[in-house]
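Since the structure comes first, as structure tokens, the remarks are kept for the end.
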Amino acid sequence: MFISKGSRFYFLLYAVLSSFQQSWNVTAQSPPEYFHVDLLGATECSELEQVFGAPYVPVLTEAACQVAFTKTLSAAFGFTTYDGSVNLATKAPGCIIDLGTSHVAFNTASPGDPGSSGSSKVCQLQSSTNSGGDPHFIGFNQKTITYQGECTLILLESKGTTASGDDVTIHVRTTRKLDFSYISGVAMMIGDDVIEVKPNANLVINGIVVSNDDENSTTMSGFPFAITKAYKGSKNKIVSDTFDIGKDRMIDIQANIKRSMMFIRTNGIFPRETQGILGTPGKQELISRDGISLTADQDVNAYGESWQVKDTDVQLFQERLGPQYPEKCLYEDAPGAISQLRGGRRKLLAKKTITVEEATLACKDIVSSNKRKLCVEDTIAMGDLEVKDDPFYSSEE
């Protein structure tokens, strides 16, 4: 049966939309790694954030375009492989796919622009992560877990991540205090350089404290990565060190020196082999170090413990504080108590003098509904109406 070019476009679009509606629950599932803007009637990748709650960027390299085409979009649209009919090297960056001819090409034009009829932009999930608060970990799949054990954890391990091909490893130290926990230290290895950011905002690189007394944004050089230091919040009590590691990837470590609490945010498309408590880019499920997939009704404590730094792992902190493997992570709750995946208020909410109404009012201006909910919980848990000012909650990512 012959199907015209235009008819094939709408046939494919209808089929994919039908499949999309049946198999995809935007509020319940992780955002797709790749998406085609025409499927939702959009024209720009930035519009997809309103639907999936996560940022998207255009696919900008030939290799990434072909990965999207062969691994993801080919399955959605019934295509086979890139047929080489378009000279990709002569085109400007920007990946498009002609839904009528099954050709993949590069072009900066948006759908509807001259010369791009029948083509649409391909967008890739820009996997931002956030870690902080009581403490909460918003992973690469944009799902949130709350892990309240006290120990040293592997936040992420990523191979060939920087512009020069160096590996990146980030460890965090968590500490319990009364009815809540928090991140009390961050150590990171980029290539051969070891960086530690302390809760008093001291920045230590390869064992040497890097001083900076200028309380204005400034960029430090002399390293194989760029560091931008900035002072934020009331009375400049929040100190931010942002590491630009190349390839549009960024790691932002912030210290609230009033509370000695740490916050870590990553942004950019990290390699698919990346692993740690933040999960793996492109995978909807969280998988423990021993290969067990975490589901909503399973024990988050067991998942967190699997990412405890072991004696066989690289040791990044200058001072080794307990508990250290093989000692178990510490909990206030009785053994066997189960933390929950993002759902339901924890029992500690009833223990504080700040009411739900007061906390809700304090957190009302937070844009993200997920972070607004976490802000309310943590405000009550910590007994502090200024929790909302911390970067974990105030950032929109």
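The values are calculated or read from the model by the stated rules, or taken from the named source; none is laboratory data. If you're wondering where the values come from, they're calculated on a predicted model, not measured in any experiment. Here Cβ is always computed from backbone atoms with ideal geometry, including for glycine, and neighbour counts include all displayed protein chains. Please note that ligands, DNA and RNA were not included when accessible areas were found on the heavy atoms of the full protein model with its side chains. Shrake-Rupley method; radii C 1.70, N 1.55, O 1.52, S 1.80 Å.
Tabulated data
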| item | result |
| --- | --- |
| Using alpha carbons only: equivalent-ellipsoid semi-axes of segment 234-329, gyration tensor based, whole Å | 26, 21, 15 |
| Entries of K283/K373; K159/K310; K232/K364; K159/K328; K159/K373; K143/K371 with Cα pairs more than 22 Å apart | K283/K373; K159/K328; K159/K373 |
| D (Stokes-Einstein, µm²/s), Kirkwood Cα radius, segment 138-239, 0.692 mPa s at 37 °C | 211 |
| Relative contact order %, segment 153-210, counting alpha carbon pairs below 8 Å whose residues are six or more apart | 21 |
| Amide N proximity, segment 377-394 versus D365 label position 7 Å along Cα-to-Cβ, cut-off under 16 Å | 385-394 |
| Label-point gap, in nm, between D193 and I208 - each point 7 angstrom along Cα→Cβ | 1.2 |
| Under 12 Å, Cβ to Cβ, from A255 - net charge with Lys/Arg +1 and Asp/Glu -1 | +2 |
| Probe 1.4 Å, all protein chains present, accessible-area order of R176, R372, R249, largest first | R372, R176, R249 |
